[in-house]
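To start, the structure itself, in structure tokens.
The values are calculated or read from the model by the stated rules, or taken from the named source; none is laboratory data. What you are looking at is a predicted structure, and each value in this text was computed from that prediction instead of being measured. As a convention, Cβ positions derive from the backbone with ideal geometry for all residues, glycine included, and neighbour counts pool all protein chains shown. Side chains included, ligands, DNA and RNA excluded: accessible areas come from the protein's heavy atoms. Shrake-Rupley method; radii C 1.70, N 1.55, O 1.52, S 1.80 Å.
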Amino acid sequence: MDSLPPQRMLPADNGSHLKATVKIPTDAYMMDFVFSEREDGGIFDNKGRMDYHLPVFGGTVKEPPLHVVHIAVEMAPIAKVGGLGDVVTSLSRAVQDLNHKVHVILPKFDCLNLNHVTDLHHQRSYSWGGTEIKVWFGEVEGLSVYFLEPLNGFFSKGCVYGCGNDAQRFGFFCHAALEFLQQGGIHPDIIHVHDWSSAPVAWLFKDHYMHYGLCKSRVVFTIHNLEFGAHFIAKAMAYTDKATTVSHTYAKEVAGNPAISPHLHKFHGILNGIDLDIWDPYNDEFIPMSYTSENVVEGKRAAKEALQQRLGLKKSDLPLVGIITRLTHQKGIHLIKHAILRTLERNGQVVLLGSAPDPHIQNDFVNLANNLHSSHGDRARLQLTYDEPLSHLIYAGSDFILVPSIFEPCGLTQLTAMRYGSIPVVRKTGGLYDTVFDVDNDKARAEAHGLETNGFTFDGADCGGVDYALNRAITAWYDDRDWFNSLCTRVMEQDWSWNRPALDYIELYHAAKKQ
């Protein structure tokens with residue numbers, strides 16, 4: 001990595017720009033620029049410690065691909081609990097599609113959905129800490145995945161989380177994953193770890209493995225939700241080379257947290273995307289009719305009728321509010337209940353799909369479901385389970401998707417909703433604020449992001465806030481259907497894929513390599 005001497009920039013011909021001519025070696029394939037007002041100081045711009053990283057064309061050498069290894073305990077669709085699993089798969093695919101080399105290392109849980117693994121085979125075994133560990137290899141969604149199966153029973157518990165000794169299980173996995181790289185002679189450029197469950201990789205690597213031969217690797221740590229495992233997250237933040245979280249606003253919201261605040265110099269918000277191959281209304285086996293933004297009205301009408309028929313709702317042209325969520329306090333349970341009742345008051349239909357890890361909350365919703373199914377059986381249906389095919393039909397058949405979260409690091413629900421032409425109704429927090437721009441209040445903010453408005457938002461975590469957004473949404477549906485239909489077209493044409501975020505991550509990987 002060569003450094004060139006400082007270069008003074010001179011006024012360009014038109015006077016408002018500056019330019020410089022730089023002589024670079026013919027074998028250079030990339031240049032990193034930093035701007036400074038003066039050689040000895042002044043205003044300094046290094047793009048938030050990322051540098052301006054630009055390719056060189058016409059040289060004799062091509063940039064070698066990065067080798068990225070994700071170490072994680074979730075991966076969609078084979079071990080998906082929340083958004084973390086979606087991100088591991090989708091980000092990996094997006095980076096691989098840009099011609100980089102990507103591998104995933106995952107525990108071989110006994111509850112893996114092996115239907116989605118192709119060519120699974122036992123590759124070899126190795127020992128660590130007195131335990132034999134079998135290495136299995138297979139492909140998931142076109143990605144190369146190593147499955148580690150320690151013969152101590154740690155991952156034969158029937159679940160990913162909730163075993164009472166999760167910290168011990170995942171700590172063992174993190175050590176075993178680094179040992180696998182070390183013993184296998186695998187030296188990635190980037191080791192990307194996710195949330196508290198694989199956070200120990202950061203300090204195990206820095207304290208041990210980088211001295212044993214894994215010296216060229218750099219660690220990137222992504223926080224998907226700071227609510228869990230703050231002690232582990234804080235320790236990983238101290239050791240990692242670069243850290244991210246999953247939206248710009250959530251990065252600001254957690255910046256004062258003691259786990260984060262000492263490390264803001266290496267902390268970046270990068271918005272999640274959605275996988276356009278999985279969420280594609282033109283090519284979706286779970287919905288009755290293919291559609292694009294060109295025929296969204298017909299496509300969504302067919303999906304609404306199929307949804308009404310499947311759930312035993314009245315087949316009628318009414319505003320339909322969909323709610324697809326885990327039922328936890330983070331997701332705004334009291335606001336969800338209120339929104340259901342408000343929708344019914346406005347003569348709408350409502351469909352909820354989701355379950356609660358907490359049995360008390362689950363029972364509460366079972367009671368609510370029983371009451372609503374008897375009092376409003378033709379307009380309300382609560383499906384208190386996990387059902388991936390049904391979620392596709394709800395995204396397609398709903399007019400609105402409600403996401404009233406108390407906090408939301410990124411949120412994939414509102415992005416998927418827009419992909420299917422459903423209008424998001426969301427609380428302004430975290431990634432919801434970064435992706436949903438209110439049709440009445442956010443025109444200037446949307447324009448500043450190069451976007452058009454795309455939904456209905458509210459501020460407070462109270463019933464009045466929900467009413468403010470939901471009433472405007474339902475009224476728009478009733479009063480100006482042509483405008484509403486044009487909004488459905490508009491949101492379908494916005495790009496919430498991994499295209500841009502993947503490039504941002506690759507920039508981050510390059511910055512980490514220079515640490």
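Distance from the alpha carbon centroid of the stretch 353-391 to that of the stretch 466-515 works out to 27 angstrom.
Setting aside same-chain residues fewer than 8 positions from Lys23, which lysines have a Cα under 21 Å from its Cα? Partners within reach: Lys62. Protection proxy ranking for 5-13, 105-113, using the average of other Cβ atoms within 10 Å per residue and placing the highest first: 105-113, 5-13. Phi angles across the stretch 344-354 convert, under the Karplus curve 6.51 cos²θ - 1.76 cosθ + 1.60 with θ = phi - 60°, into 3J(HN,Hα) values of 5, 4, 8, 6, x, 10, 9, 10, 10, 10, x Hz, Gly and Pro given as x. The trypsin sites (Lys or Arg not before Pro) found in the stretch 265-354 that occupy coil by DSSP, while having at most 13 further C-beta atoms within 10 Å, are Lys314, Lys315. In this structure, the pairs whose alpha-carbon distance is over 19 Å, taken from Lys80/Lys108; Lys216/Lys514; Lys47/Lys216, are Lys47/Lys216.
When the charge dipole of the stretch 296-496 is built from unit charges on Cβ atoms (+1 for Lys and Arg, -1 for Asp and Glu) and taken about the Cα centre, the candidate among His329, Asn371, Leu432 whose Cα reaches farthest toward its positive end is Asn371. Amide H to amide H distances under 5 Å link Met31 with Leu54, Val56, where only residues 5 or more positions off or on other chains count and H is placed in the peptide plane.
Within the accessible area of the stretch 334-418, the carbon and sulfur atoms contribute 51%, probe 1.4 Å, all protein chains present. Cross-link partners of Lys206 among aspartates and glutamates, defined as those whose alpha carbon lies under 19 angstrom from its own and excluding same-chain residues fewer than eight positions apart: Glu179, Asp189, Asp195, Asp241. A simple charge model with +1 on the Cβ of Lys and Arg, -1 on the Cβ of Asp and Glu and nothing else charged puts the dipole of the chain at about 680 debye relative to its Cα centre. Using the Karplus relation 6.51 cos²θ - 1.76 cosθ + 1.60 with θ = phi - 60°, the per-residue 3J(HN,Hα) values for the stretch 458-471 come to 9, 9, x, 8, 9, 5, x, x, 4, 4, 4, 7, 5, 5 Hz, with x marking Gly and Pro.
The charge dipole of the stretch 15-158, taken about the Cα centre with unit charges on the Cβ atoms of Lys, Arg (+1) and Asp, Glu (-1), comes to about 140 debye, rounded to the nearest 20. When Trp483, Trp498 are compared by accessible area of protein heavy atoms, the largest-first order is Trp483, Trp498, using a 1.4 Å probe. For Tyr386 and Phe33, a Förster radius of 60 Å and the Cβ-Cβ distance give a FRET efficiency of 0.80, rounded to the nearest 0.05. Each residue of the stretch 75-90 is assigned a 3J(HN,Hα), and the resulting list reads 7, 6, x, 8, 8, 9, 10, x, x, 3, x, 5, 5, 4, 6, 5 Hz, derived from the Karplus form 6.51 cos²θ - 1.76 cosθ + 1.60 (θ = phi - 60°), x at Gly and Pro.
Extension gain for Ser486-Glu139 works out to 120.9 nm (0.36 nm per residue, less the C-alpha to C-alpha distance). Accessible area per residue for the chain is 44 Å², calculated with a 1.4 Å probe on protein heavy atoms, without ligands, DNA or RNA. For Thr222, nonlocal amide neighbours, meaning residues 5 or more places apart or on other chains whose placed amide H falls under 5 Å from its own, are Val193, His194, Asp195, Thr244. Taken over the stretch 296-496, lysine pairs spaced eight or more positions apart, or on distinct chains, with alpha carbons under 19 Å apart number 7. Remark on Ile423: its backbone amide H falls under 5 Å from those of Phe400, Ile401, a criterion applied only to residues 5 or more positions apart or on other chains, H modelled at 1.01 Å from N. Accessible surface of the stretch 155-204, 1.4 Å probe: 47 percent of it comes from carbon and sulfur atoms. The charge dipole of the stretch 286-428, taken about its Cα centre with unit charges on the Cβ atoms of Lys, Arg (+1), Asp and Glu (-1) only, comes to about 220 debye. Projecting the Cα atoms of Ile274, Met492, His70 onto the dipole axis of the chain, where Lys and Arg carry +1 and Asp and Glu carry -1 at the beta carbon, places His70 farthest toward the positive end.
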